[in-house]
1. Quote the FRET efficiency, to the nearest 0.05, computed for Glu198 versus Thr101 with a Förster distance R0 of 35 Å and r equal to the Cβ-Cβ distance.
2. Just name one of Val299, His312, Val52: the one whose Cα is farthest towards the positive end of the charge dipole of the chain (beta-carbon charges, Lys/Arg +1, Asp/Glu -1).
3. When the chain is modelled as a GNM with alpha-carbon springs shorter than 10 Å, which of Glu178, Glu103, Glu84 fluctuates the most?
4. Looking at region 13-67, which chymotrypsin sites (Phe, Trp or Tyr not before Pro) are in a loop (DSSP not H, G, I, E or B) and have at most 16 other Cβ atoms within 10 Å?
5. Between Asp254 and residues 5 or more places away or on another chain, which pairs have amide H atoms under 5 Å apart, with H built 1.01 Å from N, and which residues are they?
6. Calculated FRET efficiency, Ala184 and His34, Cβ-Cβ r, R0 41 Å, to nearest 0.05?
7. Starting from the Cα-Cα distance between Phe63 and Val92, subtract it from 0.36 nm times their residue separation and give me the gain in nm to one decimal.
8. Using alpha-carbon positions, what is the distance between the centroids of region 280-298 and region 98-174, in Å?
Amino acid sequence: MTDVVVIGAGQAGLSSSYFLRRHDVDHVVLDAEHGPGGAWRHRWDTLRMKTVHGIYDLPGMEFEPPDDDARASDVIPAYFARYEREFGLPVVRPVQVRTVTDEGERLRITTDSGTWLAKGLINATGTWRRPFWPHYPGQETFRGRQLHTADYRGPEEFAGKRVVVVGGGASAVQQLLEIAQHAAETRWVTRKPPVWREGPFTHEYGRAVVAMVDEAVRAGRPPTSVVSVTGLALTPEVREGIRAGVLDRRPMFDRITPTGVVWGDETFDADVILWATGFRHDLDHLAPLHLRAPGGGIVVDGTRVVVDPRVHLVGYGPSASTVGANRAGRAAVKQLTEHLVA
């Protein structure tokens, strides 16, 4: 028995736990990982802090800027670990949440490590465990290797290979720039032409982006990620990649063959297809609550699920950024505490 269960100990989950503790709310944080860091534990080794965008302080503890060449998979989990210790957050791991069901006055959270009954739930599971693999004709016939961004460990394994990178996000760009230094040849393909953004990402622009995503979730549509709306930053590395022809975007191929990909009469023989095609929100455990709207999304007002105010989604829709996650944690706790005393 507890007042609130938080599922997930990434930025959104830790922020929520911090504010729950400040409000003296009895709670527990259930985390599927074997240690602190959330999805950052799984980032590829060559992702350095100089190329990581938008890391913000967790509430109450400054994130001290590390060396630019430090690995993100080391730095950020270490910061999260210090944060958990500093504020004595009640994180229990590893715990796999199976289902959340309605038990009347309480919610039943069933896991591989037992069952919790709670008056409220903050879901902060993010997207890392739900990589999205699109389907294209002939995909199952390809005799080379197919992998997703979630499986990427570094560029050296692509040495001498002919590689197709599929996807228009920041991960696709970063990984392609790395792979091109080792591969025999690369192709970059996306559904839509990339939108390059010059200049800083100002607070005003950030608010406009969040507003667009917020409009989607209020209408019950599946949320577009905040990052996908911001465009791709024209960093010096990106400019060099464009100049060198590495970031020469091609439209999506028509089909996949056993030996490569095909656009009309043009063929590219490939050894590897890397699907940098993003992730979907990890919400299957909430299915018994029947929260989804006809449009496929979950109608959310801020963080509160409209059809069940006991449930809050942080790191979802407009709060799916590191700065947004902090604000969402504070907002979810404020609304939940009001609900608990009502």
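1. Working: r = 49 Å, r/R0 = 1.41.
Result of the calculation: an efficiency of 0.10.
2. Looking along the dipole axis, the top candidate is Val299.
3. Comparing Glu178, Glu103, Glu84 in a Gaussian network model of the chain, the most mobile one is Glu103.
4. On the way: sites: Tyr18, Phe19, Trp40, Trp44, Tyr56, Phe63; in loops: Trp44, Tyr56, Phe63.
Passing both the DSSP loop test and the Cβ count: Tyr56, Phe63.
5. For Asp254, whose amide H was placed from the backbone, the distant partners under 5 Å are Val262, Trp263, Gly264.
6. Numbers: r = 37 Å, r/R0 = 0.90.
Efficiency computed from Cβ-Cβ geometry: 0.65.
7. Working: separation 29, 0.36 × 29 = 10.44 nm, distance 2.34 nm.
Full extension of this stretch gives 8.1 nm more.
8. Each part's Cα centre sits 16 Å from the other's.
Bear in mind these aren't lab numbers, they're just calculated from the coordinates by the rules spelled out. Treat the numbers as computed from the prediction; the structure is a model and nothing was measured. Methodologically, a virtual Cβ is constructed for each residue, glycine included, from the backbone with ideal geometry; neighbour enumeration extends over all protein chains shown.
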